[in-house]
Amino acid sequence: MTSLIKNIGLSISLLFAAVGCQSQPGADVATKQLTLTGQVWQLTTLAGNKAVSGDNNNTVNIEFLAENNTYRGFAGCNNYSGSYMAKAEKLELGPARATRKYCAQSSTQESVLFKAMAAVSTYRIDNKTFTLKDDLNQVLAVFIAVATK
């Protein structure tokens with residue numbers, strides 16, 4: 001009887017130790033190194049100016065899809081998509097195809113975003129920040145990771 005109680009006690013102790021060693025859900029998201037694909041990036045800065053929300057307070061964003069080398073996102077008024085090529089920190093964005101809605105509030109920012117995307121030659125990911133730069137190493141746009149897929 002005593003050995004049975006000891007075995008049960010030992011089993012319970014081992015169970016608690018095993019559960020305590022498991023990582024908590026979402027704990028690795030903050031510490032893992034993010035990559036170009038696998039997250040939605042929200043625009044924070046464009047051409048040195050703070051980004052503004054688009055229609056219905058939706059945020060401007062971009063997402064890169066590895067399986068077919070395409071990107072897609074919301075530019076403030078219109079949805080857009082295109083193709084991309086990335087190697088190391090080099091990035092080339094193909095022309096963006098966008099819906100053709102007109103929105104007075106976000107049209108200017110949207111135009112600047114599409115021009116910036118056409119000028120991209122490199123990118124950098126540092127923690128949760130994604131920066132697009134031109135061939136003169138000038139910052140064109142800055143995004144933050146808001147969702148991991």
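The values are calculated or read from the model by the stated rules, or taken from the named source; none is laboratory data. Note that the structure is predicted; figures quoted are calculated from it, not measured. Cβ: placed from backbone, ideal geometry, glycine included. Neighbour counts: every protein chain shown.
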Checking Ala118, Ala86 in turn, the sole residue that is within 21 Å of Thr148 (Cα to Cα) and either of a type in the set (D, E, K, R) or not in a loop (DSSP other than H, G, I, E, B) (or both) turns out to be Ala86
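Among the residues of the range 54-83, what is the count of those that are in contact with an Asp or Glu (Cβ under 7 Å, 6 or more places away or on another chain) and either part of a loop (DSSP other than H, G, I, E, B) or surrounded by fewer than 18 Cβ atoms within 10 Å (Cβ to Cβ) (or both)? Spell out the reasoning first.
Within the range 54-83, the first condition is being in contact with an Asp or Glu (Cβ under 7 Å, 6 or more places away or on another chain), and the residues that meet it are 71-73, 75-78.
Now narrow it down to the ones that are either part of a loop (DSSP other than H, G, I, E, B) or surrounded by fewer than 18 Cβ atoms within 10 Å (Cβ to Cβ) (or both): 72, 75-78.
Residues in the range 54-83 being in contact with an Asp or Glu (Cβ under 7 Å, 6 or more places away or on another chain) and either part of a loop (DSSP other than H, G, I, E, B) or surrounded by fewer than 18 Cβ atoms within 10 Å (Cβ to Cβ) (or both): 5 in total.
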Say whether the condition of being surrounded by 12 or more Cβ atoms within 10 Å (Cβ to Cβ), of a type in the set (Phe, Trp, Tyr) and within 16 Å of Gly38 (Cα to Cα) is met by at least one residue in the range 97-116.
no
In the range 73-119, residues that are touching a Lys or Arg at 6+ places or on another chain (Cβ under 7 Å) and not polar (S, T, N, Q) total 4
Per the filter on the range 52-65, residues modelled with pLDDT under 95 and not hydroxyl-bearing (Ser, Thr, Tyr) are Val52, Gly54, Asp55, Asn56, Asn57, Asn58
Please go through the range 123-143 and pick out each residue that is under 14 Å from Thr44 (Cβ atoms) and of a type in the set (Phe, Trp, Tyr).
Phe130, Phe143
Among the residues of the range 121-149 satisfying the criterion of being at pLDDT 95 or above, among the hydroxyl-bearing types (Ser, Thr, Tyr) and in a strand (DSSP E or B), which is surrounded by the most Cβ atoms within 10 Å (Cβ to Cβ)?
Tyr123
